[in-house]
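Please read the structure below before turning to the comments.
None of the figures in this text is laboratory data; all of them are computed from the coordinates on show. Note that the structure is predicted; figures quoted are calculated from it, not measured. As a convention, Cβ positions derive from the backbone with ideal geometry for all residues, glycine included, and neighbour counts pool all protein chains shown.
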Amino acid sequence: MSVRMAKDLTIAFVGAGNMAGALIRGLIGTKTISSTHIIAADPDQARLDLLVSDLAIRVTNSNDAAVDEANVVVLATKPQVFGQVLPSLAASLNPETLIISIAAGISTRIIERMLPDGTHVVRAMPNTPALVGAGATAISAGTHATDKDLTLAQRLFESVGIVVRVPESQIDAVTGVSGSGPAYVFAMIEALRDAGAREGLPEATALELASQTVLGAARLLRERGEAPEALRQKVTSPGGTTVAGLQALDAQGFRDAVLGAVRAATRRSTELGKIAEDSND
C-alpha cells in the first residue's frame, strides 16, 4: 500500500464517537481522504445520521460490512467491548488491512491475539484538542506493522494536529502528558479565572484573558522554537510582577504538583492496560 493517500484507499471507522468524528472531519477538511472513501459503523443511528448530514460519508450499523471493503480500519470503540468486537471482525479482514486503534489501555499485543496472525496493527493515543484540529497524537507500531504503516497512520492523524512516533512502552507516559494534559490546562484556566474574579475582574473577562493567555503562550513556544525556560526568563524581570507570581507558585509546590499529576496518570494508564490484558487472557 502506498503511503500516499491513494484514490482507492477506503477507511472504516468501527465506532463513531467524538474522537472518530473529529478524525473524519479532519480527513475531509484537509482533503486527505474524500468523504466517499470513508465508512463509519456504530449501533447509535443518531450519530451516524449526524455524520451523513454534516460530512456525507457512508454509514452502517454493521461492523463487518464496514470492514469488508476497507484498506484501513480505525478501532474507535470503547475498550470494554473489544472482546466482543474484534473476533467478529477477524473473518472480514484481508492480510493487507491496516488496523489503527485509538482505544486507551488496549495494547497491540491484545489486538493481535484476537485477529489473524500477521495483522498489521498501529496503536494511537490522540487527545481531545483533535476536536478543533489542534490535537497531539502519539503512534506506536505493533509486531507486524511496517514503517509504511506508521507513515500512513501519521498522515491520517496529521489532519487533526501534530503526530509523534514512540515505542509502545512509552504510551502510558504519553497518556499522562498529552492524553490527560488538556484537563490539567483546563484546571489552570479555571484557577486563573477564579483568581482574576477574586481580584475584581468580571468572571467572563477573566476567563477570556486566561484562555487567550494560555493559547498565546503555547503558540509563542511552538512558533519561536525556544525552550520554555528561555521564554519564561524573558518575561520575568527582577523585582517585577511576574517573578512575584512565580515565587508564589514555587512556594505552593506548582512544579511538584504537575510532576505528580503526570506520574499518577501514567501509573493509572499502566494499571488499566494490565486490567485489559487480564480480562482478555
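Take R109 and E203, extend 7 Å from each Cα along the Cα→Cβ direction, and tell me the distance between the two endpoints in nm.
If labels sit at R109 and E203, their model points lie 4.8 nm apart.
So what is the relative contact order for the chain, in percent, with contacts set as C-alpha pairs under 8 Å and at least six apart?
About 16 percent, as a whole number.
Using just the helices of the chain, give the 222 nm mean residue ellipticity in deg cm²/dmol: DSSP H runs with n ≥ 4 each add -39,500 (n - 2.57), and the total is spread over all residues, rounded to 500.
Value at 222 nm, helices only, nearest 500: -16000 deg cm²/dmol.
Among (1) 19.2; (2) 20.7; (3) 20.0, only one was calculated for this model; which label is it, if the read-out is Kirkwood radius over Cα pairs in Å?
Here Kirkwood radius over Cα pairs in Å agrees with entry (2).
Tell me, what HN-Hα J-couplings in whole Hz come from the Karplus equation 6.51 cos²θ - 1.76 cosθ + 1.60 at θ = phi - 60° for each residue of region 69-81, using x for Gly and Pro?
10, 9, 8, 10, 10, 9, 7, 10, 8, 5, x, 6, 9
Could you name the aspartates and glutamates in cross-link range of K274, using Cα to Cα under 20 Å and dropping any fewer than eight places away on the same chain?
E112, E168, D172
If you plug each phi of region 233-246 into the Karplus form 6.51 cos²θ - 1.76 cosθ + 1.60 with θ = phi - 60°, what whole-Hz ³J(HN,Hα) values come out, in order, with x for Gly and Pro?
These are the phi-based 3J(HN,Hα) values: 5, 5, 9, 10, 7, x, x, x, 5, 5, 5, 5, x, 5 Hz.
Nearest 5 percent is fine: what portion of the DSSP beta bridges confined to the chain is antiparallel?
Taking every DSSP beta bridge within the chain, about 15 percent pair in antiparallel fashion.
Could you name the aspartates and glutamates whose alpha carbon sits less than 15 Å from that of K234, not counting residues in the same chain fewer than 8 places away?
Here the aspartates and glutamates satisfying the reach criterion relative to K234 are E226.
What does the net charge come to around V122 if you take all other residues with beta carbon closer than 15 Å to its beta carbon, with K and R at +1 and D and E at -1?
-1
Among A56, A91, A70, which residue has its Cα furthest toward the positive end of the charge dipole of region 11-171, with +1 on Lys/Arg Cβ and -1 on Asp/Glu Cβ?
Comparing the listed Cα positions along the dipole, A56 ranks first.
Tell me which residues come under 5 Å, amide H to amide H, from N127 once H is placed; ignore anything under 5 positions away on its chain.
A136
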